[in-house]
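The values are calculated or read from the model by the stated rules, or taken from the named source; none is laboratory data. Just so you know, these numbers come straight off a predicted model, no measurement behind them. Glycine also receives a Cβ, built like all others from the backbone with ideal geometry; neighbour counts cover every protein chain displayed.
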Amino acid sequence: MLRTFHEVAAHGSITAAARSLGYTQSAVSRQIAALELAVDARLLDRQARGVELTEHGRCLLGHAEALLRRLDAARSDLRALDHLGTGRLQVGAFPTANAALIPRAMAEFAAQHPDVALSLVEGTSRVQLANLETGDVDIAVVSAFPDHALDTTRFEFVYLLDDAILIALPQSHELATRKAVRLAELAGERWIAGPVSADSRTLSPLRLRLAPEARIDFLVGEWTAKLGLVAAGLGITLVPSTASPAMRADIALVPLHPDDGPGRRVYAATMCGRTHSPAVTAFIEILTRQR
């Protein structure tokens, strides 16, 4: 109605405004009447040669022009969002995904859409799913073991890749050149693990299958400490394959035989029932190409 009113004021004629807008004269008249009813004021005086604005009409015209400018600006911003010419993307990911998978994907996204503001939140998969629910992240890259049921009632999951289990060994270890290693071959090893970390869930069942006497000699929370102990020949540790691109050169990584320890699966998670922004859709497409 405001745009119709503006056109009538600009042309001084309902007939000319209708022609400009592609409406019928009656449709324009009905919109003007509805607007007058909405603002409870007469806006136009009908004259023989057209229409003239009343005092109320002149007052409303300034507001209408300001509102129409804001509306046009809003439409422009919405088009920019659709074409990723503006906006933001908040990504959440579990720690080892940030060794290579997420940086590569974010770099590609930034190169393609430099005007979209990117941010990253690191945390466990459980924390990232909670962040999705609160809106603190727009998309979460999470991992789950094959025996873990995904909550598909609240979240949508797009499979990305398998995160195999690797064994980090000193370069001098007799198994360091092997293409794969079996659990039975690790029964006498000293283990390095984190007290509360993603690998603890994997290590516990593996220890049970190794032998009752299998021991963890070192409990450390940081990857730099774990790998430093391995490099020094003080033990071995588990490494997810997502972290392998960031490994130090003086450590050997040997895959654990899949029959002895299935790896995790990595997914891109979003909230069910929440419309994906164009940025989220584009980022998922990039992640799926990282497979």
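Would you point out which residue out of GLN31, GLN47, GLN25 is of a type in the set (S, T, N, Q) and either closer than 17 Å to LEU68 by Cα or buried (at least 17 other Cβ atoms within 10 Å of the Cβ) (or both)?
GLN31
Do we have SER241 as within 30 Å of ALA149 (Cβ to Cβ), of a type in the set (Gly, Ala, Ser), within 22 Å of the chain's Cα centre (by Cα) and in the same structural domain as TRP191 (by TED's automatic domain parsing) here?
It is true that SER241 is within 30 Å of ALA149 (Cβ to Cβ), of a type in the set (Gly, Ala, Ser), within 22 Å of the chain's Cα centre (by Cα) and in the same structural domain as TRP191 (by TED's automatic domain parsing).
In segment 102-133, which residue that is part of a strand (DSSP E or B) and not charged (D, E, K, R) is farthest from THR242 (Cα to Cα)?
Checked segment 102-133; the qualifying residue farthest from THR242 (Cα to Cα) is ALA117.
Can ASP136 be described as over 17 Å from the mean Cα position of the chain (by Cα) and either closer than 17 Å to ARG264 by Cβ or assigned to a loop (DSSP other than H, G, I, E, B) (or both)?
no
When the residues of segment 267-287 are filtered to those that are of a type in the set (Val, Ile, Thr), modelled with pLDDT of 90 or more and out of contact with any Phe, Trp or Tyr (no Cβ under 8 Å at 6 or more places or on another chain), which remaining residue is nearest to GLN90 (Cα to Cα)?
This residue is VAL280.
Mind listing whichever residues of segment 236-291 are hydroxyl-bearing (Ser, Thr, Tyr), out of contact with any strand residue (DSSP E or B) (no Cβ under 6 Å at 6 or more places or on another chain) and closer than 18 Å to GLY87 by Cβ?
THR275, SER277, THR281
Of all residues being part of a loop (DSSP other than H, G, I, E, B) and β-branched (Val, Ile, Thr) in segment 143-164, which is nearest to ALA105 (Cα to Cα)? Just the residue, please.
Looking at residues that are part of a loop (DSSP other than H, G, I, E, B) and β-branched (Val, Ile, Thr), I get THR152.
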